[in-house]
Amino acid sequence: MQHQHTSQEKGLGTTPPSRGRRARLALLATFAALAGCQRAPEPYRQESYAFGTRIEITVAGVPYATARHAAGAVLADLDRLHRELHPWQAGSELVRINAALAAGNTVSIPPEIVELVSLSQDYARRSDDLFNPAIGALVKAWGFHADHYAPLAPPAKTLAELVAARPSMAELSLDGTTLSSANPRVQLDFGGIAKGWALDRARDALKRAGVASALVNIGGNVLAIGKKPDGTKWKVGLMAPRGAGAMAVLPLADGEAVGTSGDYQRYFELAGRRHCHLVDPRDGDTDCALQAATLVAPPGPHAGAVSDAATKPLYFAGTKAALHYARRFGAQDILLVDGRGAVWVSPTLAPRLEWLDPKPSSLHTLTP
């Protein structure tokens, strides 16, 4: 996870858009809203970079100054959390906590990490430990605790020892704001939930600021607040894992969040094999069978966290058990892209998707 904080603001002031720009916006019909012959102001957008990924906040239906202040406050909070949760950057809270756990010590932890530990313990149980933030040492062994990934596999002995240690969230004891573990191999890495969890924080902060219409995108994990000013739903593109651009468009209801785990962003190739950053807790393997797993979480206080964490059991369990694990998280709308590029969609999600050309040539329905 690289640390870099830049921001870019995009919004409409007092100058109306040009005719060419109006035509493009009408063609895209993504954010613009029509009221009779007048076009509503373009939503305010601000971009930044944290959690090792691009962040975009789009706010509509409030004055420019309100949107700017609300989005700026969210991005500042995300930047702070990026530093606090960084799994290898010296001085981060998580590095300090992991050092204490490795030494067998009890350690005090800040409120945000208390919440993450609590949620992660619950989600690990629901996923039969296929979602397991306790395997930070395995992630590090594969070289993914670095800004750039070297095409190197860990020594077989090291890998076997880390797998045999069976670090799990169940081995953590949380007492108020103190944390301990009897297993020194437990090393926390919240990369599998942090972006989704941050979506929930962003939603709550925007609503407190009076925002009732927004779309928050943290590296492809997206949450919708309300509707667009024209009364239609916010729409997101579901990216083709090995292609360019989106393969489908998905309208999101108020409060829904969508997350994707895939092998196409953080990976390296070695001896003809593709090794992704998604490390299987069961055997330490990184030679994943799926290209991507997407889940739409229903509205709720932890919709973002669910949309992120629940994609891990879907990814590792594959097409046969994906619906089983989705339902454990209270979700049913899922999409998988297998290793051959075939697309598998749950019966409830299929009618919601707006496929873009070319539509997948191999399209299947997931069954329980």
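The values are calculated or read from the model by the stated rules, or taken from the named source; none is laboratory data. From a predicted model like this one, the values you see are computed outputs, not experimental measurements. Neighbour counts run over all protein chains shown; Cβ positions are idealised from the backbone, glycine included. Only protein heavy atoms, including side chains, enter the accessible area calculation; ligands, DNA and RNA are left aside. Shrake-Rupley method; radii C 1.70, N 1.55, O 1.52, S 1.80 Å.
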* To do: Quick one: count up the residues across the range 131-162 that are open to solvent by less than 20 Å² (accessible area, probe 1.4 Å), over 14 Å from G192 (Cα atoms) and outside any loop (DSSP other than H, G, I, E, B).
  => 1
* Quick one: in the range 199-237, of everything that is small (G, A, S) and in contact with a Phe, Trp or Tyr (Cβ under 7 Å, 6 or more places away or on another chain), which residue is least open to solvent (accessible area, probe 1.4 Å)? => A224
* Yes/no for V296 being of a type outside the set (S, T, Y), crowded, with 16+ Cβ neighbours inside 10 Å and farther than 29 Å from Q121 by Cβ -> no
* Asked: Looking at L101, is it of a type in the set (A, V, I, L, M) and under 17 Å from the mean Cα position of the chain (by Cα)?
  -> no
* State all residues of the range 204-219 that are more than 15 Å from G259 (Cα to Cα) and either at pLDDT below 95 or not hydrophobic (A, V, I, L, M, F, W, C) (or both); if no residue qualifies, say none. => D204, K207, R208, G210, S213
* If you scan the range 175-188, which residues turn out to be modelled with pLDDT of 95 or more, touching a helix residue (DSSP H, G or I) at 6+ places or on another chain (Cβ under 9 Å) and open to solvent by 30 Å² or more (accessible area, probe 1.4 Å)? -> G176, T177, S180, P184, R185, Q187
* Residue in the range 283-301 that is within 21 Å of R54 (Cβ to Cβ) and either at pLDDT below 90 or assigned to a loop (DSSP other than H, G, I, E, B) (or both) present -> no
* Cβ-Cβ under 8 Å pairs, at least 6 apart or on other chains, the range 175-192 side at positive phi, far side part of a strand (DSSP E or B) and open to solvent by less than 30 Å² (accessible area, probe 1.4 Å) -> none
* Asked: Can you name the residue in the range 163-174 that is aliphatic (A, V, I, L, M) and open to solvent by less than 80 Å² (accessible area, probe 1.4 Å) and is also nearest to N132 (Cα to Cα) among such residues?
  -> M169
* To do: Considering every residue within the range 198-216, establish whether at least one is in a helix (DSSP H, G or I), within 23 Å of A103 (Cβ to Cβ) and among the hydrophobic types (A, V, I, L, M, F, W, C).
  => no
